[in-house]
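Below is one structure, written out as structure tokens; the observations come after it.
The values are calculated or read from the model by the stated rules, or taken from the named source; none is laboratory data. Since this is a predicted model, take the numbers as computed values, not measurements. All Cβ positions, glycine included, derive from the backbone under ideal geometry; neighbour counts span all protein chains shown.
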Amino acid sequence: MMNVQKKTISGYPLILSYLGIFLIMIGFIMIIPLIYVIFNPSDKIYITNFLYPAVVSMIVGLLSMFLFRGRQKGHLDRNQDAVLVVSIWIMAIFVSSFPFLLTGHFNMTQSIFEVTSGYSTTGFTIVDIENTPKIYLLYRSWLQFIGGVGLVLVLMSAISDKCGMRLYSAEGHSDKLMPNLIRSARMILSIYVGFIVAGVIAYISFGMSLFDAVNHSISSVATGGFSTKSQSIGYYNNVGIEIVSMVLMLLGGTNFFVHLLLIKGKFKHAAKHIEVKFLFILVLIMIPLFTMSLMRFNDLSFFQALRHGTFHFFTTITTTGLQIAPNMSFFPAPILFLTLVLMVIGAGIGSTAGGIKLYRAAVSLKGLGWSVKDSLAHKKFIRTHFVNRFGQKTVIEKDEIYQIYVFITIYILILIAGISIFAFYGATLHDAMFEFTSVLGTIGLSVGFIQYTSPIPVLWTGIVGMLIARLESIVLINALFKIMMDLTRVKVKS
């Protein structure tokens with residue numbers, strides 16, 4: 001019996017075949033929230049808003065898979081993994097926006113904005129929370145669940161192939177928890193879900209309803225910031241709920257590899273990790289400053305100031321955006337300035353949080369110190385630089401420091417561009433700086449500039465900023481340049 005050799009697909013046909021698989025997955029993502037109708041039949045009128053786009057998405061996905069059936073998957077060309085990851089996220093955002101669009105209350109831009117805010121775990125919202133059907137509030141939280149852990153990682157937990165690791169890395173997952181990719185993805189999902197379940201139980205024990213507990217637990221662990229209340233966590237005025245939120249936000253903003261160390265009982269290794277030490281330093285500096293500022297400018301008691309200052313620190317550094325303060329004007333100027341700094345820094349690399357990340361911030365600061373020491377040392381003196389990563393001394397090469405500085409430079413340039421656009425559309429310099437820094441850090445804390453009635457260019461600036469923040473600029477730049485180079489080659493050949 002002769003062996004029939006399967007045709008191999010590679011390059012852009014391979015990208016299309018993968019997109020077919022993801023379209024099916026996106027269809028399932030939109031169907032899952034419909035389970036809530038069983039418990040709240042009054043929301044059954046919205047079933048078709050979810051079902052129609054979900055079915056269309058799955059049918060198109062199946063047709064794409066049928067088109068490439070019987071063909072063996074080859075290799076993606078250089079940087080095509082970035083093209084695929086960016087395509088997956090854009091496609092997911094576009095398709096997932098239709099349940100909002102079909103309500104008739106949102107145009108396409110507004111729908112895409114809300115969904116992008118969900119998938120990117122930013123937490124900016126333009127919906128009227130108090131009057132929005134609960135199924136839509138749950139849908140937003142569900143998008144944060146998927147976006148927080150990562151679209152690619154969700155798929156890789158079910159299937160794995162020769163391109164899996166490249167996609168896994170391109171989406172921003174810096175470390176494999178296990179030697180096997182599929183086991184690593186499932187471990188991350190297990191930790192992620194475990195935290196959420198524990199959070200739901202803790203919230204309920206402090207008096208929160210089951211619906212609110214599920215939404216807030218997902219929002220906290222995903223460092224997303226969506227709430228079922230217009231006053232956010234402040235609605236409950238419950239210290240226990242606030243402590244649970246801070247713990248969950250901190251867990252969500254911590255590298256999953258650190259979680260694995262803690263699970264294995266390697267507490268010393270976790271404590272020595274550069275990000276954990278840097279976070280501890282920030283806690284020692286920022287929380288006292290926040291507390292003293294609130295006592296001085298807001299005339300709060302020590303415990304009131306400590307309560308508000310501590311919560312605000314953790315919601316900002318973890319890029320979550322949940323609040324107990326009535327609004328951002330509650331905080332005096334010194335805290336707002338420090339908030340900007342924390343929003344830029346962000347939380348752990350490889351976590352669900354945004355910002356430039358604690359690791360990059362810490363290494364960049366160390367790099368400045370090393371640079372000064374090296375310049376003062378003898379020319380023939382060669383110094384090897386180390387940082388502690390997950391309890392192990394790791395050599396930091398100059399090339400890695402250079403790449404970090406490049407990333408930070410690009411981040412600042414994008415920040416300036418976004419601030420300029422917001423200012424052009426009427427925001428004061430202060431509001432533009434705060435709002436777009438919050439966008440680019442995937443935080444969602446707002447001074448009110450972004451809202452339902454915002455001009456379309458403002459919302460699209462926010463959309464692009466949130467997508468850049470979630471996937472990080474290097475991935476998007478690689479994808480863009482790869483597409484441009486391939487188009488140039490096609491034009492030259494023709």
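Of all residues in the range 354-368, which are within 21 Å of the chain's Cα centre (by Cα) and hydroxyl-bearing (S, T, Y)?
Y359
Where residues in the range 272-281 are free of Cβ contacts under 8 Å to residues at least 24 places away in the same chain and either over 16 Å from G346 (Cα atoms) or of a type outside the set (F, W, Y) (or both), which of them is surrounded by the most Cβ atoms within 10 Å (Cβ to Cβ)?
Top of the filtered list is V276.
Could you please let me know if L459 is assigned to a loop (DSSP other than H, G, I, E, B), surrounded by 21 or more Cβ atoms within 10 Å (Cβ to Cβ) and under 21 Å from the mean Cα position of the chain (by Cα)?
For L459, the condition - assigned to a loop (DSSP other than H, G, I, E, B), surrounded by 21 or more Cβ atoms within 10 Å (Cβ to Cβ) and under 21 Å from the mean Cα position of the chain (by Cα) - is not met.
Can you spot a residue in the range 427-450 that is on the phi > 0 side of the Ramachandran plot, buried (at least 22 other Cβ atoms within 10 Å of the Cβ) and modelled with pLDDT of 85 or more?
Yes, the conditions are met somewhere in the range 427-450.
Of all residues in the range 211-223, which are out of contact with any Ser or Thr (no Cβ under 6 Å at 6 or more places or on another chain), surrounded by 24 or more Cβ atoms within 10 Å (Cβ to Cβ) and hydrophobic (A, V, I, L, M, F, W, C)?
The answer is V221, and nothing else.
So, in the range 96-109, exactly how many residues are in a helix (DSSP H, G or I) and surrounded by fewer than 22 Cβ atoms within 10 Å (Cβ to Cβ)?
4
For the range 38-75, which positions are modelled with pLDDT under 95, crowded, with 17+ Cβ neighbours inside 10 Å and under 28 Å from N131 (Cβ atoms)?
D43
Scan the range 389-419 for residues that are part of a strand (DSSP E or B) and touching a helix residue (DSSP H, G or I) at 6+ places or on another chain (Cβ under 7 Å) and jot them down.
Listed by number, the list holds a single entry, R389.
Taking the range 289-314, which residues are assigned to a helix (DSSP H, G or I) and surrounded by fewer than 14 Cβ atoms within 10 Å (Cβ to Cβ)?
Correct list: R296, F302, F303.
Restricted to the range 125-145, and to residues that are closer than 13 Å to S219 by Cβ and among the hydrophobic types (A, V, I, L, M, F, W, C), which residue is surrounded by the fewest Cβ atoms within 10 Å (Cβ to Cβ)?
The qualifying residue surrounded by the fewest Cβ atoms within 10 Å (Cβ to Cβ) is I129.
Identify, please: which residue in the range 110-140 is assigned to a helix (DSSP H, G or I) and among the acidic types (D, E) and is, among those, farthest from M343 (Cα to Cα)?
Only one residue tops the list, namely E130.
In the range 224-241, what residues are assigned to a helix (DSSP H, G or I) and either over 22 Å from the mean Cα position of the chain (by Cα) or surrounded by fewer than 22 Cβ atoms within 10 Å (Cβ to Cβ) (or both)?
Answer for the range 224-241, where residues must be assigned to a helix (DSSP H, G or I) and either over 22 Å from the mean Cα position of the chain (by Cα) or surrounded by fewer than 22 Cβ atoms within 10 Å (Cβ to Cβ) (or both): G234, Y235, V239, G240, I241.
Within the range 207-215, is there a residue that is in a helix (DSSP H, G or I) and either among the acidic types (D, E) or touching a strand residue (DSSP E or B) at 6+ places or on another chain (Cβ under 8 Å) (or both)?
yes
For the range 111-124, what are the residues that are buried (at least 24 other Cβ atoms within 10 Å of the Cβ) and of a type in the set (G, A, S)?
Within the range 111-124, S117, G118, S120, G123 meet the criteria.
Tell me, which helices (runs of 4 or more DSSP H) lie completely within the range 1-84 with 1 or more residues that are under 27 Å from F481 (Cα atoms), more than 26 Å from the chain's Cα centre (by Cα) and touching a residue at least 12 places away in the same chain (Cβ under 8 Å)?
11-31, 47-67
Please determine whether any residue of the range 249-262 is farther than 30 Å from Q392 by Cα and touching a residue at least 40 places away in the same chain (Cβ under 8 Å).
There is no residue in the range 249-262 that is farther than 30 Å from Q392 by Cα and touching a residue at least 40 places away in the same chain (Cβ under 8 Å).
Checking R383 against (1) of a type outside the set (A, V, I, L, M); (2) without any contact (Cβ under 8 Å) to a residue 60 or more places away in the chain; (3) part of a helix (DSSP H, G or I); (4) surrounded by fewer than 19 Cβ atoms within 10 Å (Cβ to Cβ), which test does it fail?
(3)
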